[in-house]
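Only the coordinates and a few stated rules stand behind these numbers; no lab work does. Here the structure is a predicted model, which is why all the values come from computation and not from measurement. Note that each Cβ is placed from the backbone with ideal geometry, even for glycine, and that neighbours are counted across all protein chains shown.
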Amino acid sequence: MTNVEFYPSILEEQANIAEYTKIPLLRLPALGVAFEPLAAAFQYAVSGGKAVSGLYQVVVPSGGHLATLKSGVGNIGSVLNANNQIAGQATLNPLVCNPTMLFMAVALANIDKKLDAIQEIQQELLDFLAQKERSELKGDLNYLADILNNYKYNWNNDKYKNNNHIKVLDIKQGAERKIDFYREQIKSKISKKTFFHSDQDVKKQLEKIRVEFKDYQLALYLYSFSSFLEVMLLENFESAYLDCITKKMEDYSFQYRELYSQCYDQIEKNSKTSIQSHLLTGLSVANRLAGEAIAKVPVISKTQIDETLIQTGDKLWAFGSKRIEQTLKLLIEKQSSCIIPFVENIKEVNRLYNQPIELVFDKENLYIGAACSK
């Protein structure tokens with residue numbers, strides 16, 4: 001995207017414009033003061049080079065000053081000399097943008113669209129940390145969030161990027177150690193098997209694993225968040241490097257889902273083979289068999305006894321299944337590895353920086369899409 005070429009284009013001629021990502025020009029200044037010139041540059045181009053409302057650089061001839069409105073608020077284009085007589089006109093040049101600014105604006109706009117998902121996950125993790133009273137991890141989460149929120153104001157500030165890059169690396173390394181630790185902790189807990197176990201034993205095992213998975217989720221989230229911020233702070237947008245970062249994140253995510261599936265299957269198996277499950281299954285089968293046997297006896301088959309026994313057996317079976325389902329429900333909420341928003345953001349940065357794209361704009365919006373082969 002740093003090699004930019006501009007071509008005049010009519011919006012109505014873009015047949016696939018509906019497939020483009022739309023960014024309102026009014027959103028660009030909200031990404032940070034540095035991006036305000038972008039909106040003015042696009043609006044100036046759309047106006048055909050005619051002066052419209054926007055941001056301009058005002059050049060006043062030496063020795064002169066701008067005339068002031070009668071109200072005393074604001075200036076006009078006339079230049080006055082020392083005697084307050086008209087000596088000329090000021091020159092207004094629209095502020096233009098460079099390709100780096102354009103890339104960062106588009107990248108940040110796409111990141112901004114995913115902030116809701118990131119903040120929702122983060123709030124859930126912060127609530128968990130509050131319960132566990134883990135101030136250090138809570139501080140790391142809030143620190144990463146502050147960097148993301150303030151990056152749009154400091155993307156061109158080398159001191160800001162360098163100082164925060166060091167801290168982000170520390171958080172990333174710590175998170176990676178925790179990923180390995182919690183994975184081994186969960187494996188050791190799920191591998192413990194006993195011949196006789198009750199529902200209470202299964203619930204205790206599940207609760208321990210559930211907490212470990214939440215810690216595992218948190219470690220993955222911190223690792224993914226810091227990996228994404230490392231890319232933005234280091235500003236290494238080479239495709240091979242970005243592919244390496246996302247592959248490692250996706251590998252960690254796959255390992256998480258794989259271990260989750262193993263735990264889910266094992267807990268389900270343990271729940272189905274508990275003492276209570278065996279009793280319920282036995283009673284269910286016994287009632288159904290008794291009901292079916294009575295139904296075959298002509299003298300008493302016309303009564304409700306057979307139907308009652310069969311229905312009771314079915315209800316016992318349904319109760320047993322529901323009991324298992326409720327047990328596993330506690331684990332289902334931990335099936336997400338929480339890394340998707342960060343992987344998508346890095347892939348989007350990779351696409352914007354390393355692949356041909358088309359930027360189409362009108363008076364209100366900027367449209368981003370894959371470049372069509374000519």
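Worth a mention:
- Note, ³J(HN,Hα) from phi for the stretch 156-171, Karplus 6.51, -1.76, 1.60, rounded to Hz, x at Gly and Pro: 10, 9, 4, 5, 4, 5, 5, 5, 6, 4, 4, 5, 4, 4, 4, 5
- Using 0.36 nm per residue and subtracting the Cα-Cα separation, the extra length available between C244 and K203 on full extension is 10.8 nm.
- FRET efficiency for A67 and I166, using Cβ-Cβ distance with R0 set to 51 Å, rounded to 0.05: 0.50
- Ordering Y153, Y256, Y264 from the fewest to the most neighbouring beta carbons within 10 Å gives Y153, Y264, Y256.
- Protection proxy ranking of 163-169, 227-233, 343-349, by the mean of other Cβ atoms within 10 Å over each peptide's residues and highest first, is 227-233, 343-349, 163-169.
- The distance linking the stretch 60-87 with the stretch 158-178 is 52 Å (Cα centroid to Cα centroid, whole angstrom).
- Between E235 and any residue 5 or more places off or on another chain, the built amide H atoms are never under 5 Å apart.
- Taking amide hydrogens as placed 1.01 Å from N in the peptide plane, the amide H of Q89 sits under 5 Å from those of V79, each at least 5 positions away in sequence or on another chain.
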